[in-house]
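Here's the structure, in structure tokens; my notes come after.
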Amino acid sequence: MSTRKYRLGQSRHADDLDRPDSYAREGKAQSKRRQQSAERLLTDIEDHDAASMLTLPDPAPWMHLEEATLIQRHSQWVDLELADRSILRASLAGKLKGVKLVVGDRVRYSPVPIEYVESNLPQVQVVAIMPRHTLLKRGGIDDREPWQLICANADELWVCAAVVDPPLRPGILERAQTLALAAGLTFRIVVTKRDRASVKDTLPELDALREQDLSILETSAAKGAGLEPLQTLLKDRTVVLVGHSGVGKSTLVNALLPDAKVKTGDMSKYGTGRQTTTAARWLPTPYGGTLIDTPGIRTLSVRGFDRSLLAQVFPEFPGDWIEDPTGLDPFDDNLDLDYPERLQSLQRLWEEMGERNPNQSSYK
Ligand SMILES: Nc1nc2c(ncn2[C@@H]2O[C@H](COP(=O)(O)OP(=O)(O)OP(=O)(O)O)[C@@H](O)[C@H]2O)c(=O)[nH]1
Ligand SMILES: [Mg+2]
């Protein structure tokens with residue numbers, strides 16, 4: 001038996017999906033049992049309906065107040081970045097307590113409390129959340145939480161994938177692309193640790209993705225190579241970095257923003273499942289704009305996302321395959337696929353999207 005511990009944000013189920021070697025679909029009966037136990041749970045839990053969780057109270061009465069950006073959540077207060085980029089600690093007005101706030105949220109705050117706050121808490125009070133331009137989320141880890149929010153109002157998602165340690169696997173890249181499309185973010189792939197492979201190695205793992213005209217940027221933070229294009233792209237943009245633990249997100253942040261001095265890990269912890277970065281970090285850049293460093297993820301669940309997104313992720317396949325890819329055998333000689341693993345990947349994401357959370361009232 002595996003003794004690996006699963007932490008918040010990591011479900012055993014989702015973990016398996018990115019590892020073709022250990023990937024085995026659960027049988028129908030098993031899946032049914034899981035659904036039933038989830039339905040039983042439904043009665044004990046508060047209303048986490050997907051739509052209501054993402055609905056924000058109307059900010060109209062508070063538009064005369066100053067706007068700020070939420071950059072970190074604590075249990076009883078939040079940190080705000082003000083227009084001059086200084087940081088202020090604030091508590092939340094009562095009516096916001098049920099709202100899922102996330103890094104990047106634009107809020108309105110009152111310098112004096114509009115309702116009673118305990119004296120040991122910040123007297124500055126967040127009273128409204130502005131509508132979000134974009135909302136990056138992934139499928140929830142269990143049936144209680146339909147979505148896990150990653151950040152609000154970002155412009156781009158850069159998924160980091162290392163050449164080795166951990167190994168380069170396209171699965172997470174396709175997942176990240178799906179989440180970026182759903183959220184309306186520009187998607188780029190940042191290959192890290194390029195120095196760990198020979199220059200002659202063309203990284204054939206990425207060939208299928210290269211054919212899709214995706215933006216792929218190869219970097220080595222260790223050698224300072226390939227960083228300039230990233231710095232140019234960062235100008236006046238809010239960019240969120242995601243990727244497995246240990247791929248080098250924080251090391252890349254430090255190379256791009258020498259003043260950031262973000263904590264990075266050493267290789268000894270690789271495979272232990274422990275992350276070096278434990279909460280999303282909001283990092284203003286000297287190029288204008290912001291980088292958001294996030295904790296390493298095991299995988300990005302697409303559970304409950306709209307299957308129509310797959311047409312954009314897998315444009316090389318005909319529409320009827322996207323509609324239902326289940327009957328196809330990727331290794332069937334008649335299909336003669338250049339990249340059969342792409343079809344496998346489509347099948348996996350398609351199945352996973354159909355696993356609706358019992359609390360999701362709607363896809364999307
Ligand atoms: N050779 C080489 N090693 C690198 C490079 N970038 C990062 N590393 C190493 O990879 C390890 C992990 O780096 P981190 O930056 O902590 O990884 P992370 O993605 O932030 O990890 P989490 O915070 O756990 O999600 C460290 O030992 C780094 O020194 C690189 O460009 N080349
Ligand atoms: Mg990190």
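The values are calculated or read from the model by the stated rules, or taken from the named source; none is laboratory data. Here the structure is a predicted model, which is why all the values come from computation and not from measurement. Cβ: placed from backbone, ideal geometry, glycine included. Neighbour counts: every protein chain shown.
A few remarks follow.
- All positions within region 87-107 that are out of contact with any Pro (no Cβ under 6 Å at 6 or more places or on another chain) and part of a strand (DSSP E or B): I87, L88, L92, R106, V107
- Qualifying positions in region 148-172 - in contact with a Gly (Cβ under 9 Å, 6 or more places away or on another chain) and either within 24 Å of A222 (Cα to Cα) or among the basic types (K, R) (or both): W158, V159, C160, A161, A162, D165, P166, I172
- Within region 204-213, the set of residues being surrounded by 16 or more Cβ atoms within 10 Å (Cβ to Cβ) and touching a strand residue (DSSP E or B) at 6+ places or on another chain (Cβ under 8 Å) comprises L206, L209.
Results for (1) among the charged types (D, E, K, R); (2) over 19 Å from I292 (Cα atoms); (3) away from ligand 2 (no atom under 16 Å from the Cβ), shown as yes or no for each residue.
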site	(1), (2), (3)
T192	no, no, no
R196	yes, yes, yes
T202	no, yes, yes
D207	yes, yes, yes
A222	no, yes, no
G226	no, yes, yes
D259	yes, no, yes
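- Region 289-328, residues that are assigned to a loop (DSSP other than H, G, I, E, B), away from ligand 1 (no atom under 16 Å from the Cβ) and of a type in the set (D, E, K, R): R303, D306, E316, D324
- Among the residues making up region 118-133, those that are part of a loop (DSSP other than H, G, I, E, B) and within 20 Å of P57 (Cα to Cα) are V124, M130, P131, R132, H133.
- Looking across region 263-288, the residues that are closer than 21 Å to A222 by Cβ, within 9 Å of ligand 1 (Cβ to nearest atom) and at pLDDT below 80 come down to G265, D266, M267, S268, K269, Y270, Q275, T276, T277.
- Against the test of being at pLDDT below 85 and either farther than 21 Å from G139 by Cβ or of a type in the set (F, W, Y) (or both), the options K32, K97 yield a single qualifying residue, K97.
- Residue within region 107-120 that is closer than 30 Å to S215 by Cα, aromatic (F, W, Y) and in contact with a strand residue (DSSP E or B) (Cβ under 9 Å, 6 or more places away or on another chain) present: no
- Taking every residue in region 253-266 that is free of Cβ contacts under 8 Å to residues at least 12 places away in the same chain and pairing it with any residue that is within 11 Å of ligand 1 (Cβ to nearest atom), at least 6 positions away or on another chain, the pairs with Cβ-Cβ distances below 7 Å are K261/N254.
- Test: residue in region 171-180 that is at pLDDT below 95 and in contact with a helix residue (DSSP H, G or I) (Cβ under 9 Å, 6 or more places away or on another chain): yes
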